[in-house]
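For reference, the structure is listed below as structure tokens.
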Amino acid sequence: MTKVIASGKTIEDAVNQGLAELGVSRDKVEIQVLEQPSKGFLGLIGVKAAKVEVKLLPVPEVVSEPIKPAASLSQMHEASEDVVAKNPYEEAAAFLKEVAAGMGLDVEVHIKKQRDGHVFNIAGEDLGMIIGRRGQTLDALQYLTNIVANRYSESFVRIVLDAENFRQRRRKTLEDLAERLAGQAIRSGKEVVLEPMPPLERKVIHAKLQNNPQIKTYSKGEEPNRRVVIMTK
């Protein structure tokens, strides 16, 4: 993959999304703005996300140089000691601790490997600041943490952030919401449109209702304003 089309609330958000998908830093890409963000009428109607194309820059040609005398074994040993490979997960955890410290929080990050990625469990006091309203701050930190981790990894890595078991509690809240709104759709016979949600939360709604014989769901809109629609079959 040499280029991606990414969307976001702002140009910067869209660019960061594209960088995360490509797993590279900004200096390695060419960015073209395709669509400017728009708040729409009264900031509510016709909201339009920013859209950019993020394209990898071509790898510069290697210029041959005169052959130099081979280094001695001692020189090679010294050079190898100077080159220390950085662990992407340790760098990501250090980034999280630094951000938390800037918020006046002292936290620990416990890393757990799972089948489809790694989970970073944040432990400490007063973690409500890190979680934010409906997990919005936690989601933003997760996005930035993945960018940091992928800067230090040759292959794509995926990290999920959690704090005070928020992800499980939020999942239960969303599943209860899905059942309640499905009942509303059945009683009224009308579509029920949910508020905009990130992809992982929309997936929870779809999964909870996929086996309901009376209900079907789909998503509409563009990120970050994409939302789930619940309707009767």
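The values are calculated or read from the model by the stated rules, or taken from the named source; none is laboratory data. Just so we're clear, the structure is a prediction, and the values are computed from it rather than from any experiment. We place every Cβ from the backbone using ideal geometry, glycine too, and count neighbours over all the protein chains shown. These area figures cover heavy atoms from the full protein model, side chains too; ligands, DNA and RNA do not enter into them. Shrake-Rupley method; radii C 1.70, N 1.55, O 1.52, S 1.80 Å.
When D139, D27 are compared by accessible area at a 1.4 angstrom probe, the order from most to least is D27, D139. Each peptide in 13-19, 154-160 gets a packing score, the mean of other Cβ atoms within 10 Å over its residues, and the list from highest to lowest is 13-19, 154-160.
Computed about its Cα centre, the charge dipole of region 135-206 is approximately 140 debye, with only Lys, Arg, Asp and Glu carrying charge at their Cβ.
Between the beta carbons of S25 and K216, assuming R0 = 45 Å, the FRET efficiency works out to 0.60 to the nearest 0.05. What the Kirkwood sum gives for region 77-214 is a hydrodynamic radius of 17.3 Å, with every pair of different alpha carbons counted. Modelled spin labels at L57 and M103, positioned 7 Å past Cα toward Cβ, are 3.4 nm from each other. Remark on region 152-206: Rg and Dmax equal 15.5, 52 Å (Cα only).
Each listed q (0.30 Å⁻¹) maps to a log10 I(q)/I(0) for region 177-230, found by the Debye formula over equal Cα scatterers with no solvent: -1.27. FRET efficiency for the K3 to R226 pair, using the beta carbon distance and R₀ = 22 Å, is estimated at 0.50.
Applying 1/(1 + (r/R0)^6) with R0 = 25 Å to the Cβ-Cβ distance of D116 and Q168 gives a FRET efficiency near 0.95.
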